[in-house]
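What follows is a short report on a single structure.
The values are calculated or read from the model by the stated rules, or taken from the named source; none is laboratory data. Since this is a predicted model, take the numbers as computed values, not measurements. Neighbour counts are summed over all protein chains in view; Cβ atoms, including those assigned to glycine, are modelled from backbone coordinates with ideal geometry. These accessible areas exclude ligands, DNA and RNA; they are computed on the full protein's heavy atoms, side chains included. Shrake-Rupley method; radii C 1.70, N 1.55, O 1.52, S 1.80 Å.
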Amino acid sequence: MSDPETVVVVGAGLTAAHAVESMREAGYDGRLIVYGAEPHPPYERPPMSKGYLLGNDELESAFPHPASWYEEKSVELHQATPVTAIDLDRREVHAGGRQQSFDRLLLATGATPRRLRMADDSGAPVAYLRTIEDSDQLSAAFGPDAKVVIVGGGWIGLEVASAARQAGSDVTVLEALDLPLLRVLGPEVAAVFADLHREHGVDLRVASEITGVAADGRRAVVHLGDGAKLEADLLVVGIGVSPATALAEAAGLDTDNGVLVDEYLQTSDPAVFAAGDVANAYHPLLQRRLRVEHWDNAIEQGKVVGRNLVGERVAYDRLPYFFTDQYDFGMEYVGHIGPDGYDEVVLRGDLAERTFTAFWLGGGSVLAGMHANDWDAIDAVRRIVGADHVDIETLRDPSVSLDEVTT
């Protein structure tokens, strides 16, 4: 009797959870082995900066499957067992001091926070946000007597600022650009987020340069290029993440800002696939490579790669989607502007009341769209952004509802 076919998954995050679920749903009955570095079953990361950090959601709600699900589905889940090497010639991974052979391999290693070395080396209290433990640390530190300085005005930085302010903390956000989220949203919409945080008491300092970080007892002292000095009980660094490609690079797979994969999420080795934050995938609709770091991408690529691991050929062509919740403000965004930028932003609704939709146009097409606090609009936004052709004049006309915009 021959050994059962074996698929090994490296990384036990959200992508892994949906990949193994997709494989079992597709009828795969071989061995499924998942190795994760964290001591938890796969979980969703958005609650770590949103509901769970705020204390509104129980931790259990972050797990797409209870721990018992993996046993029920005959998924061999190895927690706190990082893979240390991949041998493509021998078709083996090394983990927990043992070698495990595989027939096909999925890399779902995700990403790691970019470090601010001057802060890490200072001896001051410094925190990052990626894991359950990170979220617990921040939650314990926030409160009415806490002074928090956040480096970075991206999604993580602003969501942490929102949580800290709602806990009563004194919050300063340092952003290197002229507005938070400027590269993502452009000045027209990024200004909305700047105003939102300032109205909630955040000391938002843009065009900021950090020249040094020092420890003063149990506090952090941050020195700025303009001569200002900020003291904090906690310095939170949120300056983005880097794809976790070390294993792939050492194994000889093609990498460049992630593991390079085609539209089927297949790497330069036909037996190896990659998905989630670590995958720099060719997008057949956008006709360019794209590495997406958001929750929706982790789920949907996991589903597709699971089907491809069992022998199907399903192209991943879903447009990027992300969302955020900050204070009483929520938004959803669909699409991708790309390296060439945009020509125009069509704004519909009331920016002052923060209930509006926005569409980014370029080359006569709708590149991306979002709604803010207009939850009934998301289906129309998806339809418009995903259309081959949109009547731009009706889109610009606020008297025409989004449902009536012709595509």
### Query
Expressed as a whole number of Å, what is the distance separating the alpha-carbon centroids of region 375-407 and region 262-339?
24 Å
### Task
Once you've got the GNM for the chain with C-alpha springs shorter than 10 Å, pick whichever of 295, 155, 375 has the biggest mean-square fluctuation.
375
#### Entry: Helix-derived mean residue ellipticity, 222 nm - over the chain, DSSP H n ≥ 4, -39500 (n - 2.57), to 500
-7000 deg cm²/dmol
### Summary
Any aspartates and glutamates whose Cα falls less than 17 Å from that of residue 50, other than same-chain ones fewer than 8 residues away, would be 58, 60, 133, 134, 136, 159, 293, 296, 325, 328, 332
### Task
Quick one: which residues, 5+ away or cross-chain, put their amide H under 5 Å from the amide H of residue 241? H built at 1.01 Å from N.
114
### Task
Enter the Cα centre distance for the pair region 172-197 and region 3-61, rounded to the nearest angstrom.
33 Å
### Message
Take residue 263 and residue 391, extend 7 Å from each Cα along the Cα→Cβ direction, and tell me the distance between the two endpoints in nm.
### Response
3.0 nm
### Query
For the chain, which DSSP H helices look membrane-span-like by this rule: Cα extent along the axis of 15 Å or more and mean Kyte-Doolittle of at least 0.0?
155-166, 182-199
### Task
Please report, in debye to the nearest 20, how large the charge dipole of the chain is about its Cα centre when each Lys and Arg carries +1 at its beta carbon and each Asp and Glu carries -1 there.
880 debye
## Note on the structure
Carbon plus sulfur, as percent of the 1.4 Å-probe accessible area of region 269-407, comes to 45 percent
### Query
For region 83-127, list residues with backbone N below 20 Å from a point placed 7 Å from the Cα of residue 223 toward its Cβ?
116-126
### Query
Within the accessible area of region 79-164, what % is carbon and sulfur when the probe is 1.4 Å and the other protein chains stay in place?
44 percent
### Task
Give the carbon-plus-sulfur fraction of the accessible surface of region 167-217 in %, rounded to a whole number; probe 1.4 Å, heavy atoms of protein chains only.
47 percent
### Query
To the nearest whole percent, what portion of all C-alpha pairs in region 102-215 is separated by more than 23 angstrom?
35 percent
## Note on the structure
Here the gain from full extension of residue 347 to residue 249, 0.36 nm per residue of separation minus their alpha-carbon distance, amounts to 30.9 nm
#### Entry: Accessible area of residue 131 in the full protein assembly, 1.4 Å probe (Å², nearest 10)
30 Å²
### Task
Can you bin the chain into rounded, prolate or oblate? Criterion: square roots of the alpha carbon gyration tensor eigenvalues sorted a ≥ b ≥ c, rounded for a/c under 1.5, prolate for a/b above b/c, oblate for the rest.
oblate
### Query
What residue among 97, 335, 154 shows peak mean-square fluctuation when the chain is described by a Gaussian network model with Cα springs under 10 Å?
97
### Query
Heavy-atom accessible area per residue, the chain, 1.4 Å probe: how many Å²?
44 Å²
### Summary
The ³J(HN,Hα) series, computed from each phi in region 53-61 with the Karplus coefficients 6.51, -1.76 and 1.60 at θ = phi - 60°, rounded to the nearest Hz and given as x for glycine or proline, is 4, 6, x, 8, 10, 6, 4, 4, 5
